Amino acid sequence: RLTGMEFDTVNGITLEESCRVARWLEEAGADAINVSASGKYPVHAMQWPIDGERLPRPPCNHPSGYLLFLAEAVKKAVNVPVIAVGRITPPIAEKAIEEGGIDMAAIGRGLIADPKLPEKTAAGRETDIRPCIGCLLCRESLLSGQSLRCAVNPVVGREKEGPLFSPTKEPRRIMVVGGGPAGIEAAITATERGHEVALYEKAPRLGGQLWIASVPPHKQGIMRLADYLTGRVRTLGVGIHLNKEVTSEDIAKFHPDAVVVATGTDRSVSGAFGDKGGRVVSAEDVLTGSLIPDKRVVVIGGGIVGCETAEFLSSGNRDVTIIEMSDKVAAQMEGIHRRYLLERLAILGVKILTQTTAKEISPDGLKVSTIRGHEEKIPADTVVVATSPRSSRKLYEELLSKVSDIHQVGDCLKPRGILEAIEEGFLVGMKL
């Protein structure tokens, strides 16, 4: 394996030097050369390719196959097979091989997300591949001393627990309420085990918060996961009912053997912070395009959603300020992603006020107070609330005394992320 280039490293290895080393390796008897990269990188590098500004382990905001140019250069210098790396997908690999730029492609994280990726590709079942979304949870889990984990593959890290999947001996009628990732995964797993599943979603399409999560800049890859999950339930023949908000009466008429409640969260901000003029909106309203904020915007909440919404808004040439009660923004975000996001926010001119609490909407802005008790007013035409949403538990609580076998998964249990939603949906599907 050869470092094609050391990025952002003073007097580091250049691509020209690597091509020379590759020729020496070929002369020494190397059978093939795998071209990677190394070195630290400037977090502001967003346009590709730019020499000296590339990331060896790219997060989701970098394009697939971004290191191909290194392997292609080495390929021109040697006659032995050359292997490329760098967030490569089967279509990109096949195109590069057909064009003669490389001989093979090495895939790492994509095989964690779906170990059967080569088999499915060979069989022409690309849409059946569970996609890696580039979240780097696999890397983060190992660096934090945990076993390997994957946000989209709930089996990863559980290999020693014995067989996790087993067909049911008693097929049952299962009703899943909520078509987000938790509900869909529960429906997929239960159906694969042999149950008859009906999936209900109040929106006109499946996917839930995945569609909203895919809206901010550099997050479009999450759409692939939404497409995969939606396609999988349809392929399995799950009974899908859209535009249907389920009531306890509906469930009583259905007579299910078990109910999985995956109703997500309540993100309503009506009347928040004393707003009487309709100037307070939710991050979801902004990201879905239902409401378009004016020029001056204050985002309350500096978590992942708040920071990504601020980036989305500031890209539209708005004056954006983030208000966060704690001393750090995007604290729950994976390290590399966070560094990139904070750098982009700085470049876009987003103002970040930590240890600051929102108090009240005034006619011309938002009143806030700092940790030292100092109060000030931030001019704002629109206030976007991106604080932690409330779990939507009403249906679950209504059913507790009416349904003997009821389960709660995903954000309606507690607002969290994709990992927890898919994991809980899978585990419930295995219990049914």
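Scan the range 181-203 and give yes if some residue there is modelled with pLDDT of 95 or more and at positive phi, otherwise no.
Scanning the range 181-203, I find at least one residue that is modelled with pLDDT of 95 or more and at positive phi, so the answer is yes.
Over 18 Å from the mean Cα position of the chain (by Cα) and assigned to a helix (DSSP H, G or I): does that describe Pro171?
So Pro171 does not fit the description; no.
State the number of residues belonging to the range 251-295 that are within 30 Å of Leu432 (Cβ to Cβ) and at pLDDT 85 or above.
Number satisfying all stated conditions: 16.
If Phe254 meets every condition in (1) open to solvent by less than 50 Å² (accessible area, probe 1.4 Å); (2) within 20 Å of Val152 (Cα to Cα); (3) not small (Gly, Ala, Ser) apart from one, which number is that one?
Condition (2) is where Phe254 drops out.
Can we say Thr235 is open to solvent by less than 30 Å² (accessible area, probe 1.4 Å), β-branched (Val, Ile, Thr) and either assigned to a loop (DSSP other than H, G, I, E, B) or touching a helix residue (DSSP H, G or I) at 6+ places or on another chain (Cβ under 9 Å) (or both)?
In short, no.
Taking interchain pairs and intrachain pairs at least six residues apart, which have beta carbon atoms under 6 angstrom, with the first residue in the range 238-257 and closer than 9 Å to Tyr200 by Cβ and the second exposed (fewer than 15 other Cβ atoms within 10 Å of the Cβ) and modelled with pLDDT of 95 or more?
Leu242/Pro204
Output the residues belonging to the range 319-370 that are more than 19 Å from Val280 (Cβ to Cβ) and among the hydroxyl-bearing types (Ser, Thr, Tyr).
Within the range 319-370, Ser326, Tyr340, Thr354, Thr370 meet the criteria.
Go through (1) within 30 Å of Arg338 (Cβ to Cβ); (2) loosely packed, with under 11 Cβ neighbours inside 10 Å; (3) not hydrophobic (A, V, I, L, M, F, W, C) for Ser141 and report which single condition fails.
Failing condition for Ser141: (2).
Looking at Thr321, Thr354 in this structure, which one is touching a residue at least 40 places away in the same chain (Cβ under 8 Å), surrounded by fewer than 20 Cβ atoms within 10 Å (Cβ to Cβ), farther than 25 Å from Ala151 by Cα and touching a strand residue (DSSP E or B) at 6+ places or on another chain (Cβ under 9 Å)?
Unique residue meeting the criteria: Thr354.
The values are calculated or read from the model by the stated rules, or taken from the named source; none is laboratory data. Please read all numbers here as calculations on a predicted model, not as lab measurements. We place every Cβ from the backbone using ideal geometry, glycine too, and count neighbours over all the protein chains shown. In case anyone asks, the SASA skips ligands and DNA or RNA and just uses the protein heavy atoms, side chains included. Shrake-Rupley method; radii C 1.70, N 1.55, O 1.52, S 1.80 Å.
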